[in-house]
Amino acid sequence: MLNAVVDISHHNKISSFAKASQAGVLGVIQKATQGASFKDPTFSTNRKRVTDAGLLFGAYHFGTAGDASAQADFFLAIAGNTDLLVLDFEGNPQGHDMSLLEAEQFVHHIFTVTGRYPGLY
């Protein structure tokens with residue numbers, strides 16, 4: 001059995017999360033937000049589809065350069081209460097990269113608001 005957790009966004013088309021579960025996927029981390037204003041258009045629909053299939057559900061934020069606390073607040077407003085909160089900290093091919101200091105501020109802000117540290121990849 002696979003026993004995997006996968007991350008997805010609006011760039012991925014998943015026809016059946018039930019089939020993914022049967023193949024050994026245990027959970028899905030769905031892109032929720034990017035920067036301080038972009039909401040992944042598939043987030044809400046996929047959240048329901050994933051949980052209806054009995055899979056664990058997490059949300060990730062794609063960090064960009066800018067106000068890290070504002071990004072964290074926006075992310076929490078969209079992601080809501082979920083099994084896992086994650087910061088996707090990587091190069092941004094469409095703009096300026098989130099700095100290490102901004103990533104630290106994002107993580108600290110999430111912890112301050114929720115009492116939970118987000119995952120990081």
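The values are calculated or read from the model by the stated rules, or taken from the named source; none is laboratory data. Being a predicted model, the structure only gives us computed values, none of them experimental. Note that each Cβ is placed from the backbone with ideal geometry, even for glycine, and that neighbours are counted across all protein chains shown.
Being of a type in the set (D, E) and at pLDDT below 95 is the filter; apply it to region 77-104 and report the residue that is surrounded by the fewest Cβ atoms within 10 Å (Cβ to Cβ). Looking at the filtered set, the residue picked out is E90.
Rundown of residues vs (1) outside any helix (DSSP H, G or I); (2) surrounded by fewer than 19 Cβ atoms within 10 Å (Cβ to Cβ), yes/no style:
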{"position": "P41", "(1), (2)": "yes, yes"}
{"position": "N46", "(1), (2)": "no, no"}
{"position": "T51", "(1), (2)": "no, yes"}
{"position": "G54", "(1), (2)": "yes, yes"}
{"position": "G58", "(1), (2)": "yes, no"}
{"position": "H61", "(1), (2)": "yes, no"}
{"position": "G66", "(1), (2)": "yes, yes"}
{"position": "A70", "(1), (2)": "no, yes"}
{"position": "F75", "(1), (2)": "no, no"}
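Could you list, in sequence order, the residues of region 105-116 that are loosely packed, with under 12 Cβ neighbours inside 10 Å and either free of Cβ contacts under 8 Å to residues at least 12 places away in the same chain or within 13 Å of the chain's Cα centre (by Cα) (or both)? T112, G115, listed by residue number. Kindly establish whether K48 is free of Cβ contacts under 8 Å to residues at least 40 places away in the same chain, basic (K, R) and farther than 24 Å from A4 by Cα. So K48 fails the test. Here is a check on your reading of the model: is V28 touching a Pro at 6+ places or on another chain (Cβ under 6 Å), crowded, with 20+ Cβ neighbours inside 10 Å and assigned to a strand (DSSP E or B)? For V28, the condition - touching a Pro at 6+ places or on another chain (Cβ under 6 Å), crowded, with 20+ Cβ neighbours inside 10 Å and assigned to a strand (DSSP E or B) - is not met. When L85 is tested against (1) touching a residue at least 24 places away in the same chain (Cβ under 8 Å); (2) assigned to a helix (DSSP H, G or I), just one condition goes unmet, and that condition is (2).
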